[in-house]
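S.K.: I'd like to ask you about the structure that follows.
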Amino acid sequence: MKVLVTGGCGFLGSHVCEYYRKMGEEVVSFDNLTKHELMRTGYDVEGARFYNWNNLKEKGVSLIEGDIQSREDLFEVIKDCNYIIHTAAQPAMTIAIENPELDLATNVVGTFNVLEAARKYDIPVVNCSTIHVYGNKINETIKEGNTKFIREPPAIDEDHPILQGKLTPLHASKRTTEIYVQTYIDTYGLEAATFRLTGMYGPRQFGGEDHGWVANFAIRTVLNLPIKILGTDKQVRDILYASDAASAFDAFYKNRKSGLYNIGGGIDNIISLGECLELLRKITGVEQDIRFEPARLGDLWYFVCDITKAKEKLKWEPKVSNEKGIKKLVDWVKENIVLFRGEKR
Ligand SMILES: NC(=O)c1ccc[n+]([C@@H]2O[C@H](COP(=O)([O-])OP(=O)(O)OC[C@H]3O[C@@H](n4cnc5c(N)ncnc54)[C@H](O)[C@@H]3O)[C@@H](O)[C@H]2O)c1
């Protein structure tokens with residue numbers, strides 16, 4: 001089978017490419033290699049940008065530099081594929097607020113083009129959304145525990161009301177992609193799903209302040225740089241290790257139950273920012289310099305996915321524990337330390 005991964009040179013996309021290459025499948029990555037987010041991290045931009053490209057090349061992935069906003073290029077690569085995994089996106093809330101047009105063009109127009117290609121050639125497709133679409137009104141339903149916020153019931157399922165609370169352009173663009181996916185399922189009978197993804201982490205994640213907080217904490221811990229907490233370290237996620245996220249896409253391909261799914265670590269992988277920092281201290285032996293700053297607009301202080309639907313319909317569940325996954329992330333950061341030593345820190 002031939003798998004097309006849009007955004008294949010990104011964090012999640014690279015793990016999806018790797019997953020299918022390990023299974024012996026033909027894999028094509030279609031990525032515009034944007035440096036927009038990397039330029040803001042202070043890392044070695046060129047080194048970081050081409051890290052996944054070089055890594056995937058060694059693994060035998062076909063690499064195409066192209067933009068999902070160019071329908072012609074996209075249709076050309078998609079036409080003889082058997083499965084499309086659409087991870088290309090503008091994923092950061094901060095960048096969406098600063099540049100709503102980039103966010104709209106990448107997320108909405110780009111996803112529309114991917115769906116049009118999928119419809120034309122009748123190819124199953126999975127779109128990536130985010131748990132942010134539920135909205136930050138969830139912050140009003142949580143209580144403060146000793147080390148983290150708590151909520152009853154702890155996990156939130158797909159029937160929970162969406163877009164509650166203060167909205168940002170990222171809420172608008174990501175929710176729009178979900179509506180289009182459902183529209184193509186209902187109107188054209190396309191086999192398709194949207195994954196509402198939780199915070200993911202793992203090797204090959206160049207996490208900065210905009211997006212990828214677990215990696216950002218790990219990198220800054222290993223480099224002994226100050227770590228910024230926006231608001232409180234009691235914020236909670238059910239984090240998901242990259243290879244577990246990658247296997248969810250294959251679960252959809254095998255089971256073909258179209259629709260919307262929460263994909264996260266679930267209640268077994270709940271962690272607060274403070275607990276994550278503690279785990280990193282234990283793994284590295286580094287006492288971090290932690291600084292508190294005010295919370296940001298749109299921040300969601302608590303989210304834990306109820307993954308029952310994905311377990312039942314896709315026969316998928318995460319396997320990697322937070323301890324094991326974070327250790328692997330730290331090992332990767334240490335092996336590639338030179339990439340994170342930029343001028344601007
Ligand atoms: N990382 C997370 O924790 C997280 C959480 C929730 C949802 N998601 C979603 O998962 C998906 C993947 O996220 P990620 O963390 O791997 O992001 P990423 O930024 O690491 O990767 C995205 C890739 O898409 C590419 N891209 C951007 N614009 C493009 C365009 N116009 N044409 C072609 N390629 C383009 C980028 O070059 C990049 O390689 C996104 O949809 C994101 O919103 C991620």
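The values are calculated or read from the model by the stated rules, or taken from the named source; none is laboratory data. Remember, predicted model here, so these are calculated numbers, not experimental data. Heads up, the Cβs are rebuilt from the backbone with ideal geometry, glycines too, and the neighbour counts pull from every protein chain shown.
S.K.: For the range 87-108, enumerate the residues that are crowded, with 17+ Cβ neighbours inside 10 Å, more than 20 Å from GLN182 (Cβ to Cβ) and more than 7 Å from the ligand (Cβ to nearest atom).
M.R.: Hits for the range 87-108 are ALA92, MET93, THR94, ILE95, ALA96, ASP103.
S.K.: When the range 78-101 is examined, which residues are found to be of a type in the set (D, E, K, R) and within 29 Å of LEU297 (Cα to Cα)? Step through it out loud before you land on a result.
M.R.: The first filter runs over the range 78-101 and keeps only residues of a type in the set (D, E, K, R), leaving 79-80, 98, 101.
GLU98, GLU101 - these are the residues of the range 78-101 that are of a type in the set (D, E, K, R) and within 29 Å of LEU297 (Cα to Cα).
S.K.: For ASP299, work out the one condition from (1) modelled with pLDDT of 95 or more; (2) among the acidic types (Asp, Glu); (3) touching a helix residue (DSSP H, G or I) at 6+ places or on another chain (Cβ under 8 Å); (4) surrounded by 14 or more Cβ atoms within 10 Å (Cβ to Cβ) it doesn't fulfil.
M.R.: If we test ASP299 against (1) modelled with pLDDT of 95 or more; (2) among the acidic types (Asp, Glu); (3) touching a helix residue (DSSP H, G or I) at 6+ places or on another chain (Cβ under 8 Å); (4) surrounded by 14 or more Cβ atoms within 10 Å (Cβ to Cβ), just (1) comes out false.
S.K.: Now, a different point. Tell me whether the range 251-272 contains one or more residues that are free of Cβ contacts under 8 Å to residues at least 60 places away in the same chain, of a type outside the set (D, E, K, R) and assigned to a helix (DSSP H, G or I).
M.R.: Yes, the range 251-272 contains a residue that is free of Cβ contacts under 8 Å to residues at least 60 places away in the same chain, of a type outside the set (D, E, K, R) and assigned to a helix (DSSP H, G or I).
Matching residues to (1) over 21 Å from THR177 (Cβ atoms); (2) among the charged types (D, E, K, R):
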residue	(1), (2)
ILE239	yes, no
ARG256	no, yes
LEU260	no, no
GLY266	yes, no
GLY274	yes, no
GLN288	yes, no
GLY298	no, no
GLU317	yes, yes
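S.K.: Only one of GLU312, GLU278 is closer than 21 Å to HIS160 by Cβ, at pLDDT 95 or above, out of contact with any helix residue (DSSP H, G or I) (no Cβ under 8 Å at 6 or more places or on another chain) and acidic (Asp, Glu). Can you tell me which?
M.R.: Details: GLU278 fails: closer than 21 Å to HIS160 by Cβ.
After applying the criteria, what remains is GLU312.
S.K.: Suppose we filter the range 9-44 for residues that are closer than 25 Å to GLU98 by Cα and either of a type outside the set (Val, Ile, Thr) or free of Cβ contacts under 8 Å to residues at least 60 places away in the same chain (or both); how many remain?
M.R.: Within the range 9-44, the subset closer than 25 Å to GLU98 by Cα is 9-13, 31-44.
Keeping just the survivors that are either of a type outside the set (Val, Ile, Thr) or free of Cβ contacts under 8 Å to residues at least 60 places away in the same chain (or both) gives 9-13, 31-40, 42-44.
Total meeting the criteria: 18.
S.K.: Another one. Among the residues of the range 64-74, are any within 12 Å of the ligand (Cβ to nearest atom), over 19 Å from ILE123 (Cβ atoms) and among the hydroxyl-bearing types (Ser, Thr, Tyr)?
M.R.: no
S.K.: Additional query: Do you know which of the residues in the range 324-345 that are exposed (fewer than 11 other Cβ atoms within 10 Å of the Cβ) and not basic (Lys, Arg) is nearest to THR194 (Cα to Cα)?
M.R.: GLU335
S.K.: Now for a separate question. Quick one: which residue in PHE30, PHE75 is over 25 Å from ASP299 (Cα atoms) and surrounded by fewer than 16 Cβ atoms within 10 Å (Cβ to Cβ)?
M.R.: Criteria check complete, one pass: PHE75.
S.K.: Would a scan of the range 10-23 turn up a residue that is near the ligand (Cβ under 9 Å from one of its atoms), closer than 26 Å to ALA118 by Cα, among the aliphatic types (A, V, I, L, M) and more than 17 Å from the chain's Cα centre (by Cα)?
M.R.: Within the range 10-23, not a single residue is near the ligand (Cβ under 9 Å from one of its atoms), closer than 26 Å to ALA118 by Cα, among the aliphatic types (A, V, I, L, M) and more than 17 Å from the chain's Cα centre (by Cα).
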